[in-house]
Structure formats: structure tokens, C-alpha cells
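> Right, I'll just put the structure down here and ask away after.
Coordinate-derived values only; no laboratory data. Just so it is clear, the structure is predicted and the values come from calculations on it, not from any experiment. Cβ: placed from backbone, ideal geometry, glycine included. Neighbour counts: every protein chain shown.
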Amino acid sequence: MWRMEKAPNIPEPFLKPYNSKESEPRILELWEKSGFANPDVCIEKGVTAADAESYSIVLPPPNVTGTLHMGHAAMLAIQDILIRYNRMRGKKTLWLPGTDHAAIATQSVVEKDLLKTEKKTRHDLGRDEFLKRVEAFAQASHDTIVGQVRAMGASVDWSREAYTLDEARNLAVRTAFKSMYDAGLIYRGNRIVNWDPKMQTTVSDDEIEYVEQKDPFYYFKYGPFTIGTVRPETKFGDKYIVMHPDDARYKEYKHGQKLEVEWINGKITATIVKDEAADMSFGSGVMTITPAHSGIDFDIAQRHKLDVEQIINERGILLPIAGEFAGQHIKKARPMVLEKLRQKGLLVKVEGGYVHNVATNSRGGETIEPQIKLQWFVDVNKKFAIPHSEIPGIASGSETTLKELMRRAVDSGAIKIAPDRFEKVYYNWIDNLRDWCISRQIWYGHRIPVWYCLNCKHEAMDAEVKSKWFIVRHGETEKNLKLIYQGHSDSPLTAQGRIQAAAVAERLKNHDIGLIISSDLGRCKETAGIIAGTIDAEIVYDQELRERNFGDAEGMSFDEAKEKFGSYLDAYDETKGNIETSKRLEERISKAFHKLKATHGHKNVVIVTHGSAIRLLLKHLQNISYEEARVKPKVSNSEVFSLDILKSPCEKCGGDLFEQDSDTLDTWFSSGLWTFSTLGWPYSAQSATKGKPGPENDFANYHPTDVLETGYDILFFWVARMILMTGFCLGTVPFRNVYLHGLVRDAQGRKMSKSLGNVIDPLTMIEKYGADAARLSLIVGASPGNDVKLSEDRVRGYKHFANKVWNISRFVLEAGAGGEIRHPMSNLEKIDKKLIDEAHAIVKTVSENIDSFRLDLAADTIYHFVWHRFADEIIEESKALLKAGGEAAESRRHTLYSILHTCLKLLHPFMPFVTEAVWQELPKKESELLMVAKWPIDV
RNA sequence: GCGCGCUUAGCUCAGUGGUAGAGCAUUGUCUUGACGUGACAAGGGUCGGGGGUUCGAUUCCCUUAGCGCGCACCA
């Protein structure tokens, strides 16, 4: 029972059991007000010496895809322990927080929600509007995450918070991209990539998850051979028969030999290819290949310079090569193809239950279809001269590769990975690493900083945009609807046309439009007026922007005009009657455009004009033939074409009109820069001065960081890529230590997932048992690199411990030590000296354990000492002594107080809230906040 | 197929070349200057199996089984 009578010397809060819910917000406020998470403040207030050794960690940025889970909580707990411990040891300590835009993951969450709630796709909204939705979602996630990080008691320096997609990080991305491009390590090429037909984007090798699937395995007659496959629907174009050169069964066939075989859509000529990729022991030992849709087959094709033909398009639809099956989705085509082969007598047999691995996108679960596509890659094997290197074994100015850089950073000992078995895993990954595809066809992310000259297609890297010009077709008119030529005649916008115009305005309103220039025909005027209503820019009219003058054809329906004027309407430079030729229109519109650009090129401009006008203008600007322009899709109502006017003109042709690559970068490209892009690279990296305070000097003070702490599951995704990027950009390592923690699982060892309903929410645990308990439950028993099985019981257990700490403190304070630790300890009883020595021995053990990342052992040691030694034995034995009074009691009082002091400090990194709450009640304290008290190592 | 782990008390896990530890759980006792979110005490394991090195192995080596993970392959 709680004794409610007030004992002497007892601060009021101790009259009640420890209440985490009440004290945590209060303590959090104290910390945040103090600003001590910011090392500059610590120096300013004299807590840390200006020349102290630094200690830094950058927080692995949580994805803004929702809320934090227990894995994040573990990460925060571990890092906060390291940070608080080092801060208390007097180091200049920085823990830099941030969040990750997580490109595909975030976009996919928003797309799913959009489809579910509004039945719309991202294309229905358009790039700008869709991005606005994603940003709103990301912002909301960010705010939730920040709240959770704070609730955990994580002493991060919010003043330095970063986002992987903010301006500073964008500059870092562009800078890194350009220098890698200049070094020849980033290239654009047609290679086989992992294509997600649902999300319509490439996916990197590491983002693929193989899912076991059982399917029937079919054997078909292919000429004199029998071939096996799970996917007959991909085999239309198979015209190479691959067999192992040593396969005795087929030695009569020679490499390059041709033979005619009956196949799905009739006879084809097949060629024998001898290649060691064929596995003699698998199936018949003979296979046909589909190079456009299989990595291995593609490699074979490359080796032997074979034809590569696309069979399936980007949406998983069969192409014309499939004959009667063209236009079918592959999933539907399989049974049909099978049936045809059966009817042709080519099906030999079917084996059921063939187990194979199907590649899926780990970010959305859709089956991956390999495709050959023009994409951007990072070449990991290409040699380049590294200007500056601090990595042992790689000399400045020497030739190296990214792979070598990654390997050396670890095998030289510059980076130590704990637990060390992961070093082997890391090398294994490097050995199998292929070029990294970095371009994604999604919208949320860093745009690829490459512009293509409209005129000559030359690439410009990381250019500066002077202004953006948007060329817009007017909204739908009544005559558009009726398919009537308007030309210089006119008709009002339809209701739909007005909606379209308003949608354009919405899309453009964040682009700081300085001027709207419109054709002076009514439909454009009306469109421009609607746009101006939202974006508030001046409108000028220019009659040179008018539509093609269709002369006598005006007012006629398309069919009627075609009958009367036939091919003249479509011709480039021929006319009949008073119809303006396309050539004339092109000359007129382009002349007008260049004139406008000369006057208004410095501001962002919207041009509202007409379908044919836009088409011919683009033909002119893109410097393409009329024939090429004609096959491009027609310009639809309210369609927007955006062009960038660059500050420096094209190196090749001098033009200044460019189009930026529409793709975005793999999210790991920007996360790879995280350890230094957050510390001021590149803008203040050069001028940063070691020893000077302030964020502008962070790069010199805190890079390389001390520890990168994260789950072992993202060793490849992220850790390896940071090593790559830092090695290349800086010639150094991003961190000296990698500490990998295990994954948090449920009590049965299963992964926590929504569908299993076994998710334990950190906030709920904090609410019920306190942040200290939640933290400890993730630390004790969690040995490095091993998964933690978490149950609510465990968390509850540590709540009891928090209360124990509270009560020990209450007892010691009640004993009335007066708040002073006796210095020197010389006049203490012998036994008391021994007790104090014992506590110091514990400090040593705990410090060593933390230094070697054995937080589990450290926590266990303190737990055991505090509860079973200090409380159960030392305090119990002291009771009689204190009662007896005299010198011995006096000496013991000081001893108890001293040990309590030590325990609070030792416990603080692990349980910051209770310990700080107790500290606040101490009658005299060495520092206002325990957070910045001195670690007792030299007490 | 290649590689990496794990197997110790009912559960979750530490640990060490000298015949084993913690937390939780279980059982019993206890209102003693804080704490029943407590204290004291008890029960419970021949450290997966086999072999080797050693005076001695749970700890080192080999082998075997089960479980888990990573990578590659999968026509």
C-alpha cells in the first residue's frame, strides 16, 4: 500500500506511484525547451566544450507512407541510447532527423487510395494535381511521424530536420548525378529491366521479391526437340534453340544450324545456339529463349548477337507478333495458346505442381515482366579515376570502380559492420551486383536532372531553368463536338470545355505564371479568361497565334471537307483555294513564337492556341519532318505541352528550348546521399570549418558520422548505396560503424502485419506502459542482428521496472541524504566505499557494452544491478543501519545517494523519462537536466 | 545450388574451456522505514544428436538433424 502520510524530505510527486502518462509530456517539454539536442546550444550554454570530440548519427529517415511501427521504435530507442550516452560523456553530439519521400512506396499508397475512394488513376488527375495529393499525404504522414518520434523521447535535433525530397537534398541529388554522369558512370541505355506492368515503372533488382508459385509445367514439340515451359504465351517469337555444348544427346546439332519447325502460328526458321547457360539436367536440356522478356535469355542473346524482339507490351498485352492472339493480355492468352498447341498436336505432356519463383514488386506485389527499355543506369564495373580518396587501399587519382570502392570501404576496416557476419553478406551482395537502374516512370521523386534539346535532342545535365512555357490548346467547343472545321471562324466552349480550362488553371497555378498569351479567337480568349481567373496573370492577345485558316472548308464537317478538298487538307505545302497551307501556318506560328520568346522569355508564360497550330509549332521546335509530326497523336482539347527555357543554350545547336526527362530517380539514389546531403553538402561543404559551431559547419564537424544504425533488412538497399555514393562523391566513408538490429516480430516470431492483425502499435504501448517501458522492451534481450519477439507482457514488465526506479528514489530521498555527494569519499565507512566501487564497476561494464553495441547486455546489467543488487540487497541491508543512526548511518545515507545518482545516470539513456523525472526532484543537482549531466565514468 | 545464422529451464533469450544464468511464467510464504507494478524462497535444463581435440567442452573442431534467413537459378 502507498503510505500517504508525508514523510519529511519527500517531494510531493513521490506520494503517488510513477505515472508515465502524466510526466512524459512534461519532461519532453523540458528537454525541447532546453534545446540541448542541438550541439550548438550545448556549447553555447557551456554544457559541452567547444573543442569536444564530436559524435554524430543521422536518423534513417522513415518513409512518409504512414505511421511508425515497432521496428522504428527499436531504431529510435537504440540510437537515442547511443546519443544520450555520448552526450553525457561530454561529446559534441548530433542526431539529425528526417523523413524519406520513398518514391514508389508513397506514390503507390496514394494511387491505391485514389482508386478506392474516387475511382481515379493518377493520369485522370495529371502530374501536377496528383503530386499535390501525394505531397498532402506525405505531409500528414510526416506530422504523425514527428509526433511519434517525440513521444519515444528521441533527442534528435529538430532544428536540422531534413527531407529526402526538399530543396537542399535536390541540389545534392543534381550535383551527384552530374558528377557521376561526367565520370561516365551514369549512362542511358537500352537494357533489360524489371518492369511493373501495373505501376508502369521499372523497379531495381533489390526491390524484387520472389514469391513461390505452383504452376503446371508444359512440354511442347519444337521440331525434333521437346521444350518445357510454364509460360507458353510468351513463346511466339522463340526462334533460337539453346543447348549445352557438352550435351551428348544433341551433339549432332551444330551451333548456328538452322531448321524449320512448326510452331504456334505456323512454320518458323529456328537456329541452334550452343551455350553453357542451358542446364543439361533440367527438363530435356533444350530450351528456346525469349530475350526481350528474360534477363538470362537476354544475356544469351547478347553473347551470340541474336535478334531480340518484343512480344509483350508495357501493359502486358501481346504484340502483333502473336498473330491471332495479339491484343490479348498474357494472363488470358495462356489457356488459349495452350489449346492451340494442343490442337496442333504439339503438346507433349503436362506436369502439375511445378514450383518456381515468380518475381514480384515488393512495393506493390505485381508480377514483374522483364522488358528492354531505354533507362538510366549507374555502371558499377566501369573504371574511373577517383580524384580524392581517403579509403585505405584506394589512392587519390587512381583508377577504381564503384564495386571496388564499396568492397574496400569495408574490407579495409574503414567501416566496421556489427554483427560482423553481415560483412560476408555484404560482400556476397557486391559480387552479384549488376548495373543499377535508377530511372523510374513514377511521378513522386527527384526529376532526372537531364534536359533534352528540343531542336537537336542533345542532353544538357543539371541545367538551370530560366522560365517555363506552357502551350495549351483551348477547351472543347461546340464545333469540336460536332467535328466541324473552325479555323478563323469560331464557336463557344462547351460546358466540358470550360471545365477543361479550369483544370488547366489548377494545374498551372503553382508555376508562378507571369503572362498569358492567347490567340485572339473567341475560343482561346474564353479559355485564357478562365485560366486567368485562377492564376491571376495579365492576358495579351496575338492574332499570329490563330488557328490555320481553313478558308472555304470552314464550317464544313470533317467528312464533308475531306470529300471536297481531299488530300489538300493533309498536305504540307499544297493548297486549293484559300486554305492556308500547313507550311504557311508553321512559318507564321513559329515566327510569332520566337518573337514572343525574345520579349517574354524571362518569365513563365502560358500560351493558349489551337490544335493544328500547336502541332506545327512543335514540329518546327522539335525539328522533325512533316511525316514524323503527322504520326504523332493529335493534340486534344486543353492539352498542355511544357517547355523549359534554359539559361545556357544547347552546346550543340545553340537552342534554348528543352524538355526535361520525365522520369524520376530511384528513391535510394537520394537516400544514398543522406549522411552528407543532410550535413550541408554541397552548398556549405567547402566552407565548413571544423570546430566552429553552426549548421553551416556541420560537414566539417560531423562527417563521417559515427554510426549508421538500421535494420539488417536494408543493408543492401541503403547501407551499401550510401557507401557507394559517399565513396564516389567524397572519396571517403559515410560512417565508421554500421550497427544492424534485428526485426521486431510478434510473440510467435511472425512478422507483424496488418493482415495478420498482430501489429503492436508503439503509441499504444507508450500510452499504456510509458515510453521507457516500450524502449526497454525492445532493448533487453535484443542481441545485435537477431530478431526480437515482442509481446505486451514484456512491455508491462518494464513498466514495473520504471516504477521500481521511482520507488528506489523515493526511499533514498526519504532516507534524507540532503542532496550532496561527499567529495572526497575519504570519511566513508569501509563497506560504503566498497559499495560505491561496486557501482563504478557497473558503470565500466555498461560503458564497455554500449561502446561495443551490446545494448542488450548493458541494459540487462543495469537492470540487474538496480533491482536485485541495489534495491534488494543494498537498500534492504541499509534499513537496520539507518535506524541505528550515528556515523555509520550518515555514511550510508551518502552512499545510497551516491549510488542512486549513478544509477539514474546509467539508466538515463535507456529510460530517459523516469530518470529525468526523478532528477527533477533531487534537492541539489549538478545540472538542471539529467539529459546533460556528466556520465559517472570519472566520478 | 551457394552462403549465413539458430537449436541452453514451460516461454523469450544471455553466457563461459572447468560439471549452467536472467526475465517472464509456475508454486509456497510474507503488510519488515520505498515499491503487491513488492519481498523472500522453491521447483524446473545431463546446454538438438553423434564423433573428435583436451586432464576437462554447453563453450573449440568435424559430422548429422530440425528450424530460420539471404543470394542465385528456375527453359
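> Which translational diffusion coefficient, to the nearest whole µm²/s, is obtained for segment A:382-455 from the Stokes-Einstein equation, given a Kirkwood hydrodynamic radius over C-alpha pairs, 25 °C and 0.890 mPa s?
Here the translational diffusion coefficient equals 162 µm²/s.
> Oh, and also: Based on the Cα atoms of segment A:449-501, what semi-axes does the equivalent ellipsoid have, where each is the square root of 5 times one gyration tensor eigenvalue, given in whole Å with the largest first?
37, 13, 9
> Would you please give the FRET efficiency between A:T367 and A:K830, computed as 1/(1 + (r/R0)^6) with r the Cβ-Cβ distance and R0 = 56 Å, to the nearest 0.05?
So the FRET efficiency works out to roughly 0.15.
> Under a cut-off of 15 Å between alpha-carbon atoms, report the aspartates and glutamates in cross-link reach of A:K116, not counting same-chain residues fewer than 8 places apart.
Straight-line reach from A:K116, under 15 Å: A:D124.
> A further question follows. Can you figure out the FRET efficiency of A:K383 with A:K305, using R₀ = 30 Å and their beta-carbon distance, to the nearest 0.05?
In this case the efficiency is close to 0.75.
> Using a ≥ b ≥ c from the Cα gyration tensor of segment A:898-939 (square roots of the eigenvalues), is it rounded, prolate or oblate, where a/c under 1.5 gives rounded and otherwise the larger of a/b and b/c decides, a/b for prolate?
It is rounded, given that a/c, with a ≥ b ≥ c, falls under 1.5.
> Let me ask something else about it. Hey, what does the equivalent ellipsoid look like for segment A:134-277, semi-axes from the Cα gyration tensor as sqrt of 5 times each eigenvalue, largest first, whole Å?
53, 21, 15
> Another one. Go ahead and run the numbers for FRET between A:W867 and A:K33, Cβ-Cβ distance against an R0 of 41 Å, rounding to 0.05.
The calculated FRET efficiency here is 0.80.
> Taking the Kirkwood radius as the inverse of the mean 1/r across Cα pairs, report the Rg/Rh of segment A:294-442.
Using Cα coordinates only, the ratio equals 1.12.
> Give me the one-decimal Kirkwood hydrodynamic radius in Å for segment A:112-206, with the sum taken over alpha-carbon pairs.
After inverting the pairwise mean of 1/r, the radius is 17.3 Å.
> Turning to a different aspect of this structure: Please report the net charge: other residues with Cβ closer than 10 Å to the Cβ of A:I57, K and R +1, D and E -1.
For residues surrounding A:I57, the net value is -3.
> Do any of A:K274/A:K344; A:K178/A:K424; A:K274/A:K424; A:K21/A:K879 go past 30 Å between their Cα atoms, and which?
Table pairs above 30 Å Cα-Cα are A:K178/A:K424; A:K274/A:K424; A:K21/A:K879.
> Continuing with the same structure: Under a straight-distance cross-link criterion of Cα-Cα below 15 Å, which aspartates and glutamates are reachable from A:K468, leaving out those fewer than 8 residues away in the same chain?
Of all the aspartates and glutamates, those that pass the test against A:K468 - Cα under 15 Å, at least 8 places apart if same chain - are A:D128, A:D512, A:D644, A:D656, A:E659, A:D661.
> Further question: What whole-number value in cubic angstrom gives the convex hull volume per residue for the C-alpha atoms of segment A:47-142?
Convex hull volume per residue, Cα atoms: 112 Å³.
> At 10 °C and a viscosity of 1.306 mPa s, what translational diffusion coefficient does Stokes-Einstein give for chain A, taking Rh as the Kirkwood radius over Cα pairs? Give it in µm²/s as a whole number.
Diffusion coefficient, whole number: 48 µm²/s.
> Kindly identify segment A:685-824 as rounded, prolate or oblate by the Cα gyration tensor criterion: order the square roots of the eigenvalues as a ≥ b ≥ c, call it rounded if a/c is under 1.5, otherwise compare a/b with b/c, prolate if a/b is larger, else oblate.
It comes out oblate by the Cα gyration axes.
> Consider all pairwise Cα distances in segment A:680-748 and report the whole-number % of them above 21 Å.
Here the tail beyond 21 Å accounts for 38 percent of pairs.
> Which value in nm describes the separation of the simple spin-label points at A:N313 and A:K768, placed 7 Å from the Cα toward the beta carbon?
About 5.3 nm separates the two model spin labels.
> Which entries in the list A:K119/A:K597; A:K112/A:K214; A:K595/A:K652; A:K91/A:K830 go over 30 Å, if you measure between the two C-alpha atoms of each?
Listed pairs above 30 Å: A:K119/A:K597; A:K91/A:K830.
> Report the antiparallel proportion of the DSSP beta bridges in chain A as a percent, rounded to a multiple of 5.
65 percent
> Can I ask one more? Let me make sure I get this right: for segment A:260-362, a, b and c are the square roots of the gyration tensor eigenvalues over alpha carbons, sorted descending. Under 1.5 in a/c it's rounded, otherwise prolate if a/b > b/c, else oblate. Which is it?
Verdict is rounded for segment A:260-362.
> Sticking to Cα atoms, compute the Rg of segment A:196-238 to one decimal and its Dmax as the biggest Cα-Cα distance, whole number, in Å.
For segment A:196-238, the Cα radius of gyration and maximum Cα-Cα distance read 14.8, 41 Å.
> Over 25 Å between Cα atoms: which of A:K92/A:K905; A:K198/A:K331; A:K305/A:K403; A:K305/A:K340 fall into that group?
Pairs exceeding 25 Å: A:K305/A:K403; A:K305/A:K340.
> For A:K879 paired with A:K751, estimate the spin-label separation in nm (one decimal), with each label point 7 Å from Cα along the Cα-to-Cβ line.
Modelled inter-label distance: 5.2 nm.
> Whole angstrom only: what separates the Cα centroid of segment A:667-709 from the Cα centroid of segment A:86-117?
18 Å
> Suppose we keep just the alpha-carbon trace of segment A:416-470; what are its Rg and Dmax in angstrom?
For segment A:416-470, the Cα radius of gyration and maximum Cα-Cα distance read 19.5, 55 Å.
> What translational D, rounded to a whole number of µm²/s, comes out for segment A:500-576 from Stokes-Einstein when the hydrodynamic radius is the Kirkwood one over Cα pairs, at 4 °C and 1.567 mPa s?
D, rounded to a whole number, is 89 µm²/s.
> Report the equivalent ellipsoid semi-axes for segment A:209-261 in whole Å, largest first, defined as the square roots of five times the eigenvalues of the gyration tensor built from alpha carbon atoms.
25, 14, 11
> Treating cross-link reach as a plain straight distance, find the aspartates and glutamates whose alpha-carbon is under 17 Å from the alpha-carbon of A:K692, omitting any fewer than eight places away in the same chain.
A:D40, A:E44, A:D51, A:E53
> Determine the gain in length on full extension of the stretch A:A326-A:H123; use 0.36 nm per residue of separation and subtract their C-alpha separation, reporting nm with one decimal.
70.6 nm
> May I pose another question? Evaluate 2.2 N^0.38 Å with N set to the residue count of segment A:407-506, then give the Cα radius of gyration divided by it.
Here the answer is 2.13, to two decimals.
> Give me the extension gain from A:E696 to A:S636: residue separation times 0.36 nm, minus the current Cα-Cα distance, reported in nm with one decimal.
Length gained, A:E696 through A:S636: 16.6 nm.
> Let me know the whole percent of all Cα-Cα pairs from segment A:789-939 that are separated by more than 26 Å.
Taking all Cα-Cα pairs of segment A:789-939, the fraction more than 26 Å apart is 22 percent.
> Now a separate question. If I histogram all Cα-Cα distances within segment A:475-632 using bins 5 Å wide from 0, what percent of pairs lands in each bin?
Result returned by the calculation: 2, 9, 17, 20, 20, 16, 10, 4, 1, 0.
> Hey, rough spin-label estimate for A:E627 and A:D787, points 7 angstrom out along Cα→Cβ, what's it come to in nanometres?
In this crude label model, A:E627 to A:D787 measures out at 6.2 nm.
> In segment A:530-570, if every C-alpha pair distance is counted and binned at 5 Å from zero, what percent goes to each bin?
Calculated P(r), rounded to whole percents: 5, 18, 19, 12, 10, 10, 11, 11, 4.
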